[in-house]
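Participant: Structure in structure tokens, see below.
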Amino acid sequence: MAKILVYNNDLNRMETYYRGESEAMPYITGRTLTVREFRGSSKSPTLWTSKRTMQAWNSQRYIWGGPIPVGYAFKRPWEGGHSYQSQHYAGVAFDVAQTFSNSQRTALRNSAQNSGVWSYVEPVSLTPTWVHFDKRALSSACSSRWLSSS
Ligand SMILES: [Zn+2]
């Protein structure tokens, strides 16, 4: 049983869930992302993410139209990671498609880039053997500029 903290972006508050490893993550449609998949190799008893990240997964999974194998999502800082690891520490990033063929991975990377669902999709040059996408928070400088121009 994992304790899962979810930042609810709509209500601006944290929510707490308790889920078994084979159960779906909160806000996930069906069982397309289980607790076990989200935690990957992390041994943490407590996991965290955001509602927006889970909804982004639902949208990407729907657009892709088939299973997306998840190698890693959540990590704690001492559990390793790659160059954009901080987004994994925040629980808003996914490393997926490790078991896909190169052509399947390219198709999924293109889908993730074109979907508009993610804040960031790592280029193939940095992660050739998996696809990294995340729902990082946009900087306050960016959002204030957006607001002042509208
Ligand atoms: Zn990653």
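The values are calculated or read from the model by the stated rules, or taken from the named source; none is laboratory data. Since this is a predicted model, take the numbers as computed values, not measurements. Cβ placement follows ideal geometry from the backbone for every residue including glycine, while neighbour counts extend to all protein chains displayed.
Participant: Kindly state which strands (runs of 3 or more DSSP E) lie completely within segment 1-76 and contain at least 1 residues that are more than 22 Å from SER115 (Cβ to Cβ) and of a type in the set (A, V, I, L, M). Break it down stepwise before answering.
Facilitator: Working: elements: 2-8, 13-19, 46-50, 70-72.
So the answer is 2-8, 13-19, 46-50.
Participant: Here's another thing I want to ask about it. Name the residue, out of ARG36, ARG109, ARG61, ARG105, that is of a type in the set (D, E, K, R), surrounded by fewer than 16 Cβ atoms within 10 Å (Cβ to Cβ) and either more than 11 Å from the ligand (Cβ to nearest atom) or closer than 15 Å to ALA2 by Cβ (or both).
Facilitator: Details: ARG109 fails: surrounded by fewer than 16 Cβ atoms within 10 Å (Cβ to Cβ); ARG61 fails: surrounded by fewer than 16 Cβ atoms within 10 Å (Cβ to Cβ); ARG105 fails: surrounded by fewer than 16 Cβ atoms within 10 Å (Cβ to Cβ).
Only one candidate passes the filter, namely ARG36.
Participant: Follow-up question, since we're still on this one. Which numbered condition trips up ARG136, out of (1) modelled with pLDDT of 95 or more; (2) surrounded by 14 or more Cβ atoms within 10 Å (Cβ to Cβ)?
Facilitator: So ARG136 meets the others, but not (1).
Participant: Turning to a different aspect of this structure: From the residues in segment 88-102 that are within 14 Å of the ligand (Cβ to nearest atom) and assigned to a helix (DSSP H, G or I), which one is surrounded by the most Cβ atoms within 10 Å (Cβ to Cβ)? Write out each step before concluding.
Facilitator: To start, the set of residues in segment 88-102 that are within 14 Å of the ligand (Cβ to nearest atom) comprises 88-98.
Next, only the ones that are assigned to a helix (DSSP H, G or I) stay: 88-89.
Working: HIS88: 25, TYR89: 16.
Selected residue: HIS88.
Participant: Could you please give the count of residues in segment 64-80 that are within 16 Å of the ligand (Cβ to nearest atom) and either β-branched (Val, Ile, Thr) or without any contact (Cβ under 8 Å) to a residue 12 or more places away in the chain (or both)? Explain how you work it out, then say what you get.
Facilitator: So the first thing to find is which residues in segment 64-80 are within 16 Å of the ligand (Cβ to nearest atom), and the list is 68-77, 79-80.
Going one step further and asking which of them are either β-branched (Val, Ile, Thr) or without any contact (Cβ under 8 Å) to a residue 12 or more places away in the chain (or both), we end up with 68, 70, 80.
So the count comes out to 3.
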